[in-house]
Amino acid sequence: MRALAEEAGSLGSVSQHALPPQVVTGGIRSILRRRLDRVSPQARTTLRKMAVAGRHLDLLLLHHFEPHVEPWLSGCAEAAVLDVHEQRWRFAHDKLREALVEEVSVADRKRLHLEVARAMEQLYPDPAAQATSLAYHYREAGMDAEAVQYGVLAGEQALAQGALKEAAALLRPLIAVIDRLPNPSLLLWSRAHRLLGQALFGLYETKECVAICEKALQRLQPASWGQTDSLGQTLSLLRLVGEHALHQVAPSSVRIEKASDARALLQEQLLILLACGETYAYLGRPADLLRAIISSNEVARTIEDLPQQAFTTAVAAFLLEFSPLRALSEAYLQQAQRLVKQAAHPLAEAQVCRIGGVATMNHGHVAEGAAMLMRAAALFQALGNDFMLLFSLGQAAFGHLMLGHTAEADRIHQEIATIALRGRHRHSYVYHHAVAGFHSARRGHHEQVRTELMEMYSGKERHTDPLVSASMNGALVNACLRMDDLQEALRFAHETMSVLPENPTGFIYFVALSAALDAYLTVWESRPALLDQHATEKLHHGLSLLRRYSASMLLARPQSLLLESRVAALRGQLPLAQSKAESALSLATKYRMPYETALAHEQLGRLVGRSGVRSASGGRVPEARSAAATDHLLAAITQLRKFGDHWRADRINQSL
């Protein structure tokens, strides 16, 4: 508009003149040139350097390049090339700056970028504070080594500020650059890969995160991570576990090689291993997770990092419970507790308390485990570690829901949502919203749960994160079943089954599996025509997963027995079905799981109503059937109402 006013003579005269032909044909470039030509050739030399530096003028740089700053600024302002915006000098339009840059040859442009970069290093007392700008100028100057050095620093700064997208955008192109350097610093190479891996994990780009971390580990630890075939990986894991277990029992029996690398390089290895391990946990890859944790524990011992030793030893103890090496778990946990005392470090205490809480819950001591997790949450909150705070709160809320403490669980989930949104933890927000959805649906809010989760369901978490996908699909199965929408329940059950790992790395996988099996069995019970071959295959696969999951999770066993009871009943094996339901009731009572206790009473009520009551001799007493069945069903109704599941209680009541 300013250019048109100049052509017309005044702003008010613009409408009285036809558009200049050069405007119509792209002649704005000519208008820009005329304005730039008003600047003297001597002043234009400095102007080009400032154009390369950016749209806003860095006065420190300007004083370095221009001896007569005030007259230079006045002349450029009179030519309408520069103006002042919010008390800062800048190019009046970015097109003017671009035109100045374009009139310089490629070789001269590189030279100008190098001049700007060298001047910034000289002028600023802390060049690291200008890392992003320096990385850009050195990259444009073709100085790859310097560009990588400052680029990695800029990525680290962005990551520390929670700017994950900015960090990834800075670091992604650097990986290709650093790979083609003739002799890059291994420390810098490792740091670049580690930072990009951490940024990608925070953005839930889990597959790319694993690829970057594994690439780094294959170079840094080829003996443990260089194997790409499944047999080689299995042997590598067995070697790691064997050596590590032997060291735990008799430290002098295994000689730990002292790496020739600097401590800083080993620290980078440790952080890469931990980032890789976190991603494996979310992807449901327990063997790889165990390998990453044991490898990180080895590195932590080598550099005598007691807090990380304590944490990784505790994680190994927890993971070993889900493996054929469960006997080693207790020894690892005891070692972790000893290391916590030695470390006297709040982060180590918080991490071991978190892992111990989850393990304690898995052993059936839900109240004690939930209390440990709340203590861990308080420690993480004091440390300002929101990520681990959210994890601890989520697991504690799950424990309270199992115990029937719905008000406390709701309070914790509300706290989780607040923290997750405040800190832009999209993953934690979606995941815990899905977990809360299971229990909201149980309390009759199934339509609301379905609507809210379907709005989130289109997000990339559905495709990239099995943990979130399993929890969201499982919660949607639960909601659809309560709305009697069996076809949709089957659809979400199929999607749940498609993301479940062969071996569990978290209880939520079992919860999702139970929901999917509930859908298949409900269809079999009420509308068997919908159970086609595909659904039948999914059901059989789910039952095999059920046996595997429940073998390593005590808390999963009551629900597992109830599902097996329903299968036996559908196959006409009523004595077996009743036996499994009675075992489920016994375990649910023992572990103080009120919801599972109610479900066991409901199942027994239906089974006893069909087959009668077993006598002391093992026979059946049909005349006692009605009273015993009613007692079980009334007990189920009472428990369900205490839990808030009035929908299920009402349906049982209608059957009476």
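The stretch between GLU86 and ALA160 holds 23.8 nm of extra length on full extension. This uses 0.36 nm per residue minus the Cα-Cα distance. Along the charge dipole of the stretch 446-575, which of SER565, THR522, GLN487 sits closest to the positive end, that is, farthest toward it, with unit charges on the beta carbon of Lys, Arg, Asp and Glu (+1, +1, -1, -1)? Ranked along the dipole, the leading option is SER565.
Global size of the stretch 36-187: 16.8, 52 Å for Rg and Dmax (C-alpha atoms, Rg to one decimal, Dmax whole).
Within the assembled protein chains, the solvent-accessible surface assigned to ASP532 is about 80 Å², based on a 1.4 Å probe.
Where the centre of each part is set by its Cα atoms, how far does the stretch 489-541 sit from the stretch 264-294, in angstrom? If you average the Cα positions of each part, the centres end up 30 Å apart. In a DSSP loop and with at most 11 other Cβ atoms within 10 Å, there are no chymotrypsin sites (Phe, Trp or Tyr not before Pro) in the stretch 286-330. Is the stretch 68-119 rounded, prolate or oblate when judged by the Cα gyration tensor, a ≥ b ≥ c being the square roots of its eigenvalues, rounded requiring a/c under 1.5 and prolate requiring a/b larger than b/c? Since a/c reaches 1.5 and a/b is larger than b/c, the shape of the stretch 68-119 is classed as prolate.
The residues of the stretch 333-392 expose, per residue, 42 Å² of accessible area to a 1.4 Å probe.
Across the protein chains, with a 1.4 Å probe defining accessible surface, the residues TRP647, TRP189 rank TRP647, TRP189 from largest area downward. Shape verdict for the stretch 322-382, please, from the Cα gyration tensor: rounded (a/c under 1.5), prolate (a/b greater than b/c) or oblate. Here the stretch 322-382 falls in the oblate category. Of the peptides 126-138, 551-563, the order by per-residue mean of other Cβ atoms within 10 Å, starting with the highest, comes out as 551-563, 126-138. Taken one residue at a time, the phi angles of the stretch 508-525 give Karplus couplings (6.51, -1.76, 1.60, θ = phi - 60°) of 4, 4, 5, 4, 5, 4, 4, 5, 4, 5, 4, 5, 4, 6, 5, 5, 4, 6 Hz. Gly and Pro are set to x. Computed from backbone phi, the HN-Hα couplings of the stretch 282-288 come to 6, 8, x, 10, x, 5, 5 Hz, rounded to whole numbers (Karplus: 6.51 cos²θ - 1.76 cosθ + 1.60, θ = phi - 60°; Gly and Pro given as x). Phi angles of the stretch 311-321 translate, via the Karplus equation with coefficients 6.51, -1.76, 1.60 and θ = phi - 60°, into HN-Hα couplings of 5, 5, 5, 5, 5, 4, 4, 5, 5, 5, 5 Hz per residue; Gly and Pro are given as x. For the stretch 551-609, compute Rh as the Kirkwood radius over C-alpha pairs and then the Stokes-Einstein diffusion coefficient at 10 °C and 1.306 mPa s; write the answer in µm²/s, rounded to an integer. Using the Kirkwood radius from Cα pairs, D works out to 145 µm²/s. The trypsin sites (Lys or Arg not before Pro) of the stretch 119-217 that DSSP puts in a loop, and whose beta carbon has at most 16 other beta carbons within 10 Å, are ARG180. With the simple spin-label model, which puts each label point 7 Å out from Cα in the Cβ direction, the ARG180 to HIS646 separation comes to 6.8 nm. Near LYS642, which lysines are there with a Cα under 19 Å away, not counting those fewer than 8 places off in the same chain? Filter leaves LYS590.
The values are calculated or read from the model by the stated rules, or taken from the named source; none is laboratory data. Only a predicted model underlies this, so the values are computations on that prediction, with no experimental measurement involved. Ideal geometry is used to build each Cβ from the backbone, glycine not excepted, and the neighbour counts take in all protein chains shown. All accessible areas refer to the heavy atoms of the entire protein, side chains included, with ligands and DNA or RNA removed. Shrake-Rupley method; radii C 1.70, N 1.55, O 1.52, S 1.80 Å.
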